[in-house]
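Taking it in order: structure first as structure tokens, then the write-up.
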Amino acid sequence: MSEQIDYGATTLRYFGGQMKLFRNRAGLSRAELGDRTGYSEATVASIEQGRRMPQQEFVEKTDRILGADGLLRAGLPYLLQSRYPTWFRDFALLEADAVSLYSYENHAVPGLLQTEEHVRAVISARCPPLNREEIENRIAARVDRQKLLEREPCCVLGFVVEEVVLRRPIGGREVHRGQLRRLLECAEMRNVSVQIMPTRRETHMGLDGPFALLETPDGRNVAYSEGQSGSFLVSDRKRVSVLAQRYGIIRAQALPPEESAHLIEQAAGET
């Protein structure tokens, strides 16, 4: 089997090498660059060594301070792509520009609706464990995706979540209570719908597992699904159509938004 290249890690190392080159040309130490950008020397070192994803603000400040004339800023689109695991990267790029997105989740709060504390608990529980910097990179990437909720022009978003998700206190009771409150906040947004699939239902159309449907600005429809051993993006029209039909029935089988909000409030009060 041929070795798989992690292009995300390669991008980070390349950017870090270029930043170090410009820093040396400017005659600045890592500590001096850190002082001028408002970041620590350790952060600057981690970025130069390709171990940490730089924030957009840092890249823009560094480009200006080091006189890179836009060469470091030009790497931002590629850095943003590398923030995500390889298996999720293609969908993340489509998601950022989506016209609409609908998802069904049977075991977790949808990533777009997670609080930072909940994200940290989920990612920290990964097996095999990630190192600290990879955890921070993934938390930042997931939180950054949530800009879609308030993006202009609006993206229409619909979520159907299994009731059991409301009962599992990931991160502890306080973190979970905050997560349930966040679900209620999102449900009140004019472009967001949150519905709960009640556990009392004997069967429903989502038993094959979680998935998402997405429409692109040019009118294409794709689907996405992931599991323990991999994930896949579906673009075949017939297969996407089947999943769209299933999702329509799933929404009809779930509780209406108002009843769903009441159930979430009830779960928050019991947590």
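The values are calculated or read from the model by the stated rules, or taken from the named source; none is laboratory data. All figures in this text were calculated on a predicted structure; none of them were measured in a lab. Here the Cβ is made from the backbone with ideal geometry for all residues, glycine too, and neighbour counts use every protein chain on show. Just so you know, the surface numbers come from the protein's heavy atoms only, side chains and all, with ligands and any DNA or RNA stripped out. Shrake-Rupley method; radii C 1.70, N 1.55, O 1.52, S 1.80 Å.
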Starting from the stretch 242-271, take each residue that is on the phi < 0 side of the Ramachandran plot and list its partners that are open to solvent by 80 Å² or more (accessible area, probe 1.4 Å) and part of a helix (DSSP H, G or I), counting only C-beta distances under 7 angstrom and pairs at least six apart or across chains.
267/167; 268/181; 271/173
Of (1) in a helix (DSSP H, G or I); (2) over 17 Å from residue 90 (Cα atoms); (3) open to solvent by less than 40 Å² (accessible area, probe 1.4 Å), residue 255 fails just (1)
For the stretch 118-136, which residues satisfy the criterion of being out of contact with any Leu (no Cβ under 9 Å at 6 or more places or on another chain) and closer than 23 Å to residue 42 by Cα?
120, 129, 130, 131, 132, 133, 134, 135, 136
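I'd like the full set of residues that are touching a Pro at 6+ places or on another chain (Cβ under 8 Å) and open to solvent by less than 50 Å² (accessible area, probe 1.4 Å), limited to the stretch 206-248. Outline the logic, then answer.
Of all residues in the stretch 206-248, those touching a Pro at 6+ places or on another chain (Cβ under 8 Å) come to 225-226.
Of everything in the stretch 206-248, just one residue is touching a Pro at 6+ places or on another chain (Cβ under 8 Å) and open to solvent by less than 50 Å² (accessible area, probe 1.4 Å), namely 225.
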Might you check whether a residue that is over 17 Å from the mean Cα position of the chain (by Cα), part of a loop (DSSP other than H, G, I, E, B) and closer than 16 Å to residue 111 by Cβ occurs anywhere in the stretch 171-181?
yes
Quick one: which residue in 161, 165 is assigned to a strand (DSSP E or B), modelled with pLDDT of 95 or more and under 30 Å from residue 255 (Cα atoms)?
161
Name the single residue, out of those in the stretch 143-194 being open to solvent by less than 60 Å² (accessible area, probe 1.4 Å) and charged (D, E, K, R), that is farthest from residue 118 (Cα to Cα).
151
Residues (touching a residue at least 24 places away in the same chain (Cβ under 8 Å) and over 24 Å from residue 131 (Cβ atoms)) located in the stretch 34-61
36, 61
